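First the structure, in the form of structure tokens, and then the observations on it.
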Amino acid sequence: EAQVTQNPRYLITVTGKKLTVTCSQNMNHEYMSWYRQDPGLGLRQIYYSMNVEVTDKGDVPEGYKVSRKEKRNFPLILESPSPNQTSLYFCASSLRGRKNTEAFFGQGTRLTVV
Amino acid sequence: AQKITQTQPGMFVQEKEAVTLDCTYDTSDPSYGLFWYKQPSSGEMIFLIYQGSYDQQNATEGRYSLNFQKARKSANLVISASQLGDSAMYFCAMREGSWSGYSTLTFGKGTMLLVSP
């Protein structure tokens, strides 16, 4: 089954404790991205990757890191989480990120930083 | 400036009625794609429908249709014969063309639709 898998689904952590949210897709998609969703703000892109070892900042990259060492995986790293990073996070992938390609989303990760 | 504007924070509709969710967009690119996604209370993002800027016909997918008015830069989602299961948050999104061939999917803030019996 074609899917994007994120883990964990729910995470509560403390300020400053490094964490990684994993994302894996099995569709051989080139383009992957991370979004955060906050009430009243919709989804905002954090980082994206056009292919292995090619990543770039989205609209809200501060406080986040990513890596793309393999085509299927695109982890999101919070080196020192802060309460303002409490949010719902989505990983998405698409075939090439061309204008006519839909994005497939993971199930979401609800992160709470206390 | 916002690229995608959804002016209706919330909408109510009765079961079996049709409802239109508004979306306007801003781009100077002649080549772009417009998407609608549904997010039920369980949280997942479900792709509903796509419209390309050069498509001559309005897109339709089952009970979903897209009222695409290019000159007005609007791409409203029409849901016919609403069902209780249509209650969800709906997001309009756009990908513009780019020199690299890769472009970001930019979202609006969403419209919460509630369908009542």
(message) Among the residues of the range B:66-87, are any within 12 Å of chain A (Cβ to nearest Cβ) and among the hydroxyl-bearing types (Ser, Thr, Tyr)?
(response) no
(request) May I ask you to verify whether A:Ser49 is within 25 Å of B:Glu96 (Cβ to Cβ), of a type in the set (Gly, Ala, Ser) and in contact with a strand residue (DSSP E or B) (Cβ under 8 Å, 6 or more places away or on another chain)? (result) yes
(message) Among (1) farther than 23 Å from A:Tyr35 by Cα; (2) in contact with a strand residue (DSSP E or B) (Cβ under 7 Å, 6 or more places away or on another chain); (3) within 14 Å of chain A (Cβ to nearest Cβ), there is one condition B:Tyr54 misses while meeting the rest; what is its number?
(response) (2)
(request) Considering only residues that are over 16 Å from B:Lys3 (Cα atoms) and among the small types (Gly, Ala, Ser), look in the range B:13-46 and name the one that is nearest to the chain's Cα centre (by Cα). (result) B:Ala18
(message) Any residue in the range B:12-28 that is closer than 17 Å to B:Gln51 by Cα sitting within a Cβ distance under 9 Å of a residue that is of a type in the set (Val, Ile, Thr) and surrounded by fewer than 12 Cβ atoms within 10 Å (Cβ to Cβ)? List the pairs, counting only those 6 or more apart or interchain.
(response) B:Asp22/B:Thr7; B:Cys23/B:Thr7; B:Thr24/B:Thr7
(request) Please specify each residue of the range B:22-47 satisfying the condition of being buried (at least 21 other Cβ atoms within 10 Å of the Cβ), assigned to a strand (DSSP E or B) and aliphatic (A, V, I, L, M). (result) B:Leu34
(message) Just to confirm my filter: which strands (runs of 3 or more DSSP E) fall fully inside the range A:1-68 and include at least 3 residues that are closer than 29 Å to B:Thr7 by Cβ?
(response) A:31-38, A:42-51
(request) Tell me which residues, restricted to the range A:36-54, are under 25 Å from B:Ser41 (Cα atoms) and either at the interface with chain B (Cβ under 9 Å from one of its Cβ atoms) or loosely packed, with under 15 Cβ neighbours inside 10 Å (or both). (result) A:Gln37, A:Asp38, A:Pro39, A:Gly40, A:Leu41, A:Gly42, A:Leu43, A:Arg44, A:Gln45
(message) Considering only residues that are at pLDDT 95 or above, more than 7 Å from chain A (Cβ to nearest Cβ) and within 10 Å of the chain's Cα centre (by Cα), which ones fall in the range B:88-112?
(response) B:Tyr90, B:Cys92, B:Ala93, B:Thr111
(request) Would you check if B:Gly108 is of a type in the set (Gly, Ala, Ser), crowded, with 20+ Cβ neighbours inside 10 Å and out of contact with any Leu (no Cβ under 7 Å at 6 or more places or on another chain)? (result) yes
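The values are calculated or read from the model by the stated rules, or taken from the named source; none is laboratory data. None of these values were measured; they are calculated from a predicted model. Every residue, glycine among them, receives a Cβ derived from its backbone with ideal geometry; neighbour counts consider all protein chains shown.
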